[in-house]
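The values are calculated or read from the model by the stated rules, or taken from the named source; none is laboratory data. Keep in mind that this is a model prediction, so the values were computed, not measured. Backbone-built Cβ (ideal geometry, glycine too); neighbour counts: all protein chains shown. Note: accessible area is taken over every heavy atom of the protein model, side chains too, but ligands, DNA and RNA are not part of it. Shrake-Rupley method; radii C 1.70, N 1.55, O 1.52, S 1.80 Å.
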Amino acid sequence: MTEVSNRTLAILLVAAIAISLVGTLISLDRIGKLGGVTGLVTINQSESTGTVSVTVTANAEVTLRVETLAFGSWRINGSTTTKNCTLTSAINSSSNAGNNFTDFDFFNGTGASAGADCIFISTAGYSPPSSFELENTGNVLFTNVTINASKNGSSGGEPTSQTYDFLINETGDILNYRVMEEGNACSDTNAAIPGANGSTGVVSTNNATVCKNFNYTDAQDAIAVQINITMPSTTQAQSATNTITFKAYAFGPI
Amino acid sequence: MAPRFFRLLAIVVLCCALSASFVSSVGLSTYNSIVKQLDFQPGGEVRFPYRITPTTNRVMDYGFTKSGDMADYVLFDPPTYATATPGQSLPFDVVVRFPQTDENLTPGMHTVTFGVQEQTPPSISGNMGFSASTSVQTAIRIRVLSGNKSVEAGIAALPVTEGGDLVISTAATSWSKLVIDEAYMTVRILDEHGKILKAFATEKRQILPGQAISFLPILWSTLGIRPGVYTLEGTLHFDGYQDIALANVKIGELTVTIEEYTKTLTAGKINQLMVMVASNWNHPLADMYYTLESAKGKKSLRSPTFSIEAFDKVGIPVFWDATSDPPGAYDVSITAHYAEKETNKKGTVSIIAEEAVQQLERPAMLSMLAIVLLAIILLALLISNLYWFKRNKERERKEKESQQKMPHDTTPPQEQPSQK
């Protein structure tokens, strides 16, 4: 018995698909002309009323599209003038789940960067992490969204305990954030919020508002929160991690 | 062919798993409105069904939170949800269990905030970074009405720029089960010394049980009034009773003040120089920064961008590299930049040598009296030493002389310890 070549198999496959498509189209055309049981509702049928009941629940839901920011290991170049290492997370220009932050660039074009005084400790090149990205994936307006951290930098007030200190024993460490909206994701009163419209807010253990009236309408239902760290040259070797909590409050009309 | 296919499939699955692990979400869903409102029901129990919608793609622990003065009456059924598997919808009831009597409750609207929070934030790869978790919060509002005539007065006004018209809003909310036949409000505007600048009265209205009404707004021109904080005092008169509401109103000017800055730095190191900036504006000021110039020190420093809340103040640092600056006084010029305006402050910064700093850190010097006393003690010790030295010498000489006068003995002389 002779073997069937791949070429023959491919031709047979294409032919089968074509026959199947043509058959389907012919069947659909003929079914419309039949008087028997077809599953179609005919216009001659006597009128009757059906009730379709749909219950839409209120769903207050937020999704964190980017939930970690790993800056990697750094040392600070002591030979430069400023001697402060500043790291900034990236602008999520065209990011996850179709969220698009390009139209309303409240970061004012200030994207991911590692200052000249920062020396990345790795043979691989530095790739800045994306900014936190929060999306209103429910169908309820959040009247307020806040940010807080488990640890303070000196810009957020020197903590009394090392447990709450981002860079231990440092007084020059600064933790800032900035908010960028997808479209008009937050209300216009957002202009008054530190961190919005290109201004800078301080990341601290206190709750700070990052968005008021957080929309759920597509194309304007996401915010990106850019994180900026400044480390002075006196920073001692240590691991520095911080846990951020975004709280979304649905306190809208009853 | 097959191994390659499975290898490819494994890579695709791994990629999906990795990309998916960077997303988490939390939600609360319920029928009708997400916020619930109800009246106090003595001894009653009301249940509101909710669901946690954990669309996260990893196992997550969730915790319930609640706060508010009536939070003790709000329970969760089941009380905890330790773990949710991906996509699992977790039903729970918010149960409001009222006490038998409202005797200890203040008439009015009470808000209990409750929500669900992710308990297991993702781990961070590397030594430096941030991880985030989310929480969704909503509320149950409980209205407590009184059997007496209880009405709450409200007064408010938005901050205004100097010279602008101040709009004063007044309101009355009945927390009574009875009809209030006549209610009106008198309003007084007071300065910081308590002096009455202006007085007004609203129209008279009837208020139904549990009803909230607003009186017609009051307009007040602030022309000729200095910027600052003023007090609004509203007295609600209703059926022979009164309730007073107070509010502050700010008349602001768009300026900032550079209040203080670090005036002493140490030579030979990088110093943090803190500048305190205060806002006199009635709105938050965003996108501010300041520059610090010093011609002698050849310094031109710029602060990070910062914001100030209305009438607030913040301390923002810059870093002055004094590694090559000799000790001395340096003139500085600090300029705050905000809302296309500038505020300048000139002053001096002293750079002192590190030795001087160390000297300052030493304990206080001994007083003159202590030095004199110490000298006297040392002198007395010296004199006594000399006296005893001379006396020993004398005794030694006498012993030698007495030995020379005695007859010679056949036994060898005992060894004497040498005197130093």
Point to revise | Where a residue in the stretch B:300-320 is more than 7 Å from chain A (Cβ to nearest Cβ) and closer than 21 Å to B:Glu253 by Cβ and its partner, wherever it lies, is in a loop (DSSP other than H, G, I, E, B) and among the aromatic types (Phe, Trp, Tyr), with Cβ under 9 Å and at least six apart | key: B:Ile308/B:Trp281; B:Ala310/B:Trp281; B:Phe311/B:Trp281
Review point. Which one of these is open to solvent by less than 10 Å² (accessible area, probe 1.4 Å) and at pLDDT below 80: A:Gly195, A:Gly153, A:Gly201?
Key: A:Gly195
Practice item. Counting only residues that are among the basic types (Lys, Arg), give me the strands (runs of 3 or more DSSP E) lying completely in the stretch B:111-224 with at least 3 of them. Key: none
Review point. Just checking, how many residues over the stretch B:58-81 are more than 10 Å from every other protein chain (Cβ to nearest Cβ), touching a strand residue (DSSP E or B) at 6+ places or on another chain (Cβ under 8 Å) and either buried (at least 17 other Cβ atoms within 10 Å of the Cβ) or not in a loop (DSSP other than H, G, I, E, B) (or both)?
Key: 16
Point to revise | Hey, A:Ala97 outside any loop (DSSP other than H, G, I, E, B) and modelled with pLDDT under 80 or not | key: yes
Point to revise | Top-ranked residue in the stretch B:82-115 [being exposed (fewer than 11 other Cβ atoms within 10 Å of the Cβ) and within 36 Å of the chain's Cα centre (by Cα); ranked as nearest to B:Thr173 (Cα to Cα)] | key: B:Asn104
Exercise for review: Give the residue that is farthest from the chain's Cα centre (by Cα), with candidates limited to residues of the stretch B:225-238 that are β-branched (Val, Ile, Thr), in a strand (DSSP E or B) and under 16 Å from B:Leu158 (Cβ atoms).
Suggested key: B:Thr231
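If you take the residues of the stretch A:73-93 that are at pLDDT below 70 and within 11 Å of chain B (Cβ to nearest Cβ), which of them is most open to solvent (accessible area, probe 1.4 Å)?
A:Thr81
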Point to revise | Test: A:Thr230 is within 21 Å of A:Phe71 (Cα to Cα), of a type in the set (S, T, N, Q) and part of a loop (DSSP other than H, G, I, E, B) | key: no
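Select from the stretch A:54-72 the residues that are within 14 Å of the chain's Cα centre (by Cα) and farther than 15 Å from B:Val26 by Cα and write down the one among them that is least open to solvent (accessible area, probe 1.4 Å).
Selected residue: A:Leu69.
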Check your understanding: Looking at B:Ser176, is it more than 14 Å from chain A (Cβ to nearest Cβ), buried (at least 17 other Cβ atoms within 10 Å of the Cβ) and modelled with pLDDT under 95?
Key -> yes
Check your understanding: For the stretch A:204-244, which residues satisfy the criterion of being within 23 Å of A:Asn100 (Cα to Cα), facing chain B (nearest Cβ under 9 Å) and not aliphatic (A, V, I, L, M)?
Key -> A:Asn228
Study note, to complete from the structure: Within the stretch A:174-183, the count of residues that are in contact with a helix residue (DSSP H, G or I) (Cβ under 9 Å, 6 or more places away or on another chain) and at the interface with chain B (Cβ under 10 Å from one of its Cβ atoms) comes to 3
**Study point:** Residue list for the stretch A:112-150, restricted to those being farther than 21 Å from B:Ser125 by Cα and at pLDDT below 90
**Key:** A:Gly115, A:Ala116, A:Asp117
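Out of contact with any Ser or Thr (no Cβ under 7 Å at 6 or more places or on another chain) and under 18 Å from A:Cys118 (Cβ atoms), is that true of A:Gln220? Steps first, please.
On the way: out of contact with any Ser or Thr (no Cβ under 7 Å at 6 or more places or on another chain): yes; under 18 Å from A:Cys118 (Cβ atoms): no.
When the stated conditions are applied, A:Gln220 does not pass them.
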Study note, to complete from the structure: Cβ pairs under 6 Å, 6+ apart or interchain, first in the stretch A:185-205 and part of a helix (DSSP H, G or I), second modelled with pLDDT under 70 and open to solvent by 10 Å² or more (accessible area, probe 1.4 Å), ordered by first then second residue, are A:Ala191/A:Asn197
Point to revise | Single condition B:Gly108 does not satisfy, out of (1) of a type in the set (Gly, Ala, Ser); (2) at positive phi; (3) within 14 Å of chain A (Cβ to nearest Cβ) | key: (3)
